[in-house]
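The values are calculated or read from the model by the stated rules, or taken from the named source; none is laboratory data. In this text, all values refer to a predicted model and were calculated from it rather than measured experimentally. Counting neighbours? That spans all protein chains shown, and the Cβs are built from the backbone with ideal geometry, glycine included. Ligands, DNA and RNA are excluded from the accessible area calculation, which covers all protein heavy atoms including side chains. Shrake-Rupley method; radii C 1.70, N 1.55, O 1.52, S 1.80 Å.
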Amino acid sequence: KKKGWIPLFDGKSLDNWKVGEHSGTFTVTKEGTIMVFGERAHLFYDGPVMDHNFRNFEFKAKVMTTPGANSGIYVHTTYQEEGWPSTGYEIQVNNSHTDWRRTGSVYALQDVKEAPAKDNEWYTQHIIVQGNKITVKVNDKIINEYTETNPAKITTGTFALQGHDPKSKVFYKDIMVKPLPD
């Protein structure tokens, strides 16, 4: 645990994670990554850290997209069996998909048009939620700062990784969180 960082993925299994429909979209590779490749699905953190209910935090993951891939990291969401998550915020993971909203977008609320990373290269996606502000960094560079004006909307919840479509292949590793004071 470096300076308060807590791993959420053990590199070996999907223990403490939960998926509803299309569970085959998420597999753990022999290299210790989560490979997201298959039908639309969402993998929700369901483990013991903060009883999987986070308000203020820093979240980090190493991410690698493949050409044409689309994924996302949801924050402040809740588990649901099927469909797109109906709560929380999606932080986009997309460097070259046909959807113009690129990595670092707070999806459909404050979008990024230029990809801050490249396909087939590992990069760090860092999401900080403090109060009503969401900051997104890619490789330590601030890409997006979004302020939620509706205090009822930014509450608490868990994290989810998105499997967007059968043509998208994305890898995640070194997934960790640092809870921050309220």
Length gained when the stretch TRP100-ASN139 is fully extended (0.36 nm per residue, less Cα-Cα span): 12.0 nm
Inter-probe distance in nm under a simple model that places probes 7 Å from Cα toward Cβ, at LYS118 and TRP84: 3.1 nm
Karplus-derived 3J(HN,Hα), 6.51/-1.76/1.60, for each residue of the stretch 124-138, Hz, glycine and proline x: 9, 10, 10, 10, 10, 10, 9, x, 9, 10, 10, 10, 10, 10, 10
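Would you mind working out the accessible area per residue for the stretch 12-121, using a 1.4 Å probe, and quoting it in Å²?
Working: 5030 Å² over 110 residues.
Per-residue accessible area for the stretch 12-121 comes out at 46 Å².
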Cα-centre dipole for the stretch 27-85 with unit charges at Cβ (Lys and Arg positive, Asp and Glu negative), debye to 20: 260 debye
Given (1) 1.22; (2) 0.99; (3) 0.93, the label whose value is Cα Rg over 2.2 N^0.38 Å derived from this model: (3)
Hits among lysines - C-alpha to C-alpha of LYS118 under 17 Å, sequence gap 8 or more where chains match: LYS62, LYS137, LYS141, LYS169, LYS173
Additional length obtainable on full extension of the chain from THR29 to MET50, 0.36 nm per residue less Cα span: 4.9 nm
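What size of dipole, in debye to the nearest 20, comes out for the chain about its Cα centre when the only charges are +1 on Lys and Arg C-beta atoms and -1 on Asp and Glu C-beta atoms?
Details: 22 positive and 22 negative charges, 118 e Å.
Computed about the Cα centre, the dipole is about 560 debye.
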Whole-Å distance, taken between Cα centres, linking the stretch 92-123 and the stretch 131-176: 11 Å
Stretch gain in nm, segment SER13-ASN132, where the contour uses 0.36 nm per residue and the Cα spacing is subtracted: 39.5 nm
